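A.B. asks: Quick one: this structure, given as structure tokens, is what I'll be asking you about.
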Amino acid sequence: MAHARGRRRTATVVAATVATALCALAPAAADAKGAKDRTTWLCKPGLATDACAVGLGTTKLSATGVPGATTTPKRARPRRLDCFYVYPTVSNQKTPAATKAIDPEVRSIALYQAARYSQVCRVFAPVYRQLTVPSLGNGSITAAAARTAYGDVVAAWKEYLAKYNHGRGVVLIGHSQGAGHLQQLIRARVDGRPIARRLVSAILLGGNVIVRKGRGVGGIFKHVPACRARAQLGCVVAFSTFNATPPPDTQFGRSGSRFGKLFHQPSGSRYEVLCTNPGDLAGNRSVALRSVVPEQPYAPGTLIAAGISFLGFAVPPASTTYVEGHGLFTGRCARAGGANVLLVSSANGTPALHPSPDPTWGLHLLDANIAQGDLVSLVATQAARYTRAR
């Protein structure tokens, strides 16, 4: 969902640069005691430049995408949970690994994918030296660069636990490359450890979470199962979005992909990629999804912005930070073309979306927004359950 402003000649550049992808330092923030953080934070409570501290005003869309009433969701008071967010591959920097500069595309992705969760949790999001869009496209990534990116995420997690968590429940949220790093973090530092008692849930989108076939657990994680009920805790929500049968060469929804190799995921005939439908965790019915997207276009002039524009959904002008449509799309988890994905359909009157930048990606660029309303509602339910259980 985005303002459709791209041109086809730009699409060729984006597809060539991005489709092969596997998925100025800012001043350090000070904590309450005055000591400076080693992490550069994109989002953190009290941060003067907190990219997730935005208004929650929302314009409701009809099933045909016509703007209607406006509302402002209330933030929970107090917010008893934290959300630790790791963003996907967005950096336009030309080097294999990005610096910790908070570029426009980094701030913009926080608005698109993380800020809405501030309704129910305090959001912490580190800046990390991620593998960049150009480097993934031209094949210049290295194992050392991948380790550096993951190392930054681990360092931020350790700092968060030491200085800010104070025993609070936490939701881990990531997309694509961010979901890959969080899978490694959970496997190495959460799964089966005492800290797992504080894991409310993990929302790992477009990251090919691997499980044993038919079990919903036992692949990348030993003890963290799929979320199959809204009040379930310590579980994972994961899916990749398509609106057509995934082609044979897609990297999403299949085990044994290049994405999986990059993030050291298990593979083989015993495993499959997890799909959990946020609108129907218990089954695979086709249900209406609550889609949420900012009214503001994604960082203009960037490769990801061009890719989003090719999806073919123009967000109508609105006076609020977000627009939300309930039932613009319906979705169900489905095994199609050898992949396990969230298969979505446009409602009558909603434009059919175009895979972007090409069919192998499906609607990857929409993973975090296609059902964001459902996901925020799920976290709110889990927060209430976690608070009662403490």
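A.B. asks: Can you tell me which residues in the range 91-115 are assigned to a helix (DSSP H, G or I) and either of a type in the set (Asp, Glu) or modelled with pLDDT under 95 (or both)?
C.D. replies: First, pick out the residues of the range 91-115 that are assigned to a helix (DSSP H, G or I): 104-113, 115.
Across the range 91-115, the qualifying residue is only Glu105.
Yes/no per residue for (1) outside any loop (DSSP other than H, G, I, E, B); (2) touching a His at 6+ places or on another chain (Cβ under 7 Å); (3) closer than 16 Å to Phe239 by Cα:
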{"residue": "Gly301", "(1), (2), (3)": "no, no, no"}
{"residue": "Asn348", "(1), (2), (3)": "no, no, no"}
{"residue": "Leu375", "(1), (2), (3)": "yes, no, yes"}
{"residue": "Ala384", "(1), (2), (3)": "yes, no, no"}
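A.B. asks: Cβ-Cβ under 9 Å, sequence separation 6+ or interchain: first residue in the range 50-76 and within 13 Å of Thr321 (Cα to Cα) and at pLDDT 90 or above, partner of a type in the set (A, V, I, L, M, F, W, C) and exposed (fewer than 14 other Cβ atoms within 10 Å of the Cβ). Which pairs?
C.D. replies: Note: pairs meeting the criteria are Thr59/Ala69; Lys60/Ala69.
A.B. asks: For Thr276, are the conditions met, namely being touching a Lys or Arg at 6+ places or on another chain (Cβ under 9 Å) and assigned to a loop (DSSP other than H, G, I, E, B)?
C.D. replies: Yes, satisfied.
A.B. asks: State yes or no: is Ser291 polar (S, T, N, Q), assigned to a loop (DSSP other than H, G, I, E, B) and within 18 Å of Asn369 (Cβ to Cβ)?
C.D. replies: When the stated conditions are applied, Ser291 does not pass them.
A.B. asks: In addition: Does the range 317-324 contain any residue that is surrounded by fewer than 24 Cβ atoms within 10 Å (Cβ to Cβ), among the acidic types (Asp, Glu) and part of a loop (DSSP other than H, G, I, E, B)?
C.D. replies: No.
A.B. asks: Does any residue of the range 298-305 turn out to be over 17 Å from the mean Cα position of the chain (by Cα) and surrounded by fewer than 17 Cβ atoms within 10 Å (Cβ to Cβ)?
C.D. replies: Looking through the range 298-305, at least one residue is over 17 Å from the mean Cα position of the chain (by Cα) and surrounded by fewer than 17 Cβ atoms within 10 Å (Cβ to Cβ).
A.B. asks: Just to be sure, is Gly362 over 17 Å from Gly174 (Cα atoms) and surrounded by fewer than 18 Cβ atoms within 10 Å (Cβ to Cβ)? Talk me through it step by step, then tell me what you get.
C.D. replies: Values: over 17 Å from Gly174 (Cα atoms): yes; surrounded by fewer than 18 Cβ atoms within 10 Å (Cβ to Cβ): no.
Spelling it out, it is not the case that Gly362 is over 17 Å from Gly174 (Cα atoms) and surrounded by fewer than 18 Cβ atoms within 10 Å (Cβ to Cβ).
A.B. asks: Quickly run through the range 261-295 and pick out the residues that are farther than 24 Å from Ala114 by Cα and crowded, with 20+ Cβ neighbours inside 10 Å.
C.D. replies: The answer is Gln265, Tyr271, Glu272.
Conditions tested, residue by residue: (1) polar (S, T, N, Q); (2) closer than 30 Å to Asp82 by Cα; (3) in contact with a Lys or Arg (Cβ under 8 Å, 6 or more places away or on another chain).
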| position | (1), (2), (3) |
| --- | --- |
| Pro317 | no, no, no |
| Thr321 | yes, yes, no |
| Leu328 | no, yes, no |
| Ser346 | yes, no, no |
| Pro355 | no, no, no |
| Ile370 | no, yes, no |
| Val376 | no, yes, yes |
| Gln382 | yes, yes, yes |
| Arg388 | no, yes, no |
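The values are calculated or read from the model by the stated rules, or taken from the named source; none is laboratory data. Not measured: the values here are computed from a predicted model. Cβ sites come from the backbone with ideal geometry, for glycine too, and all protein chains shown count toward neighbours.
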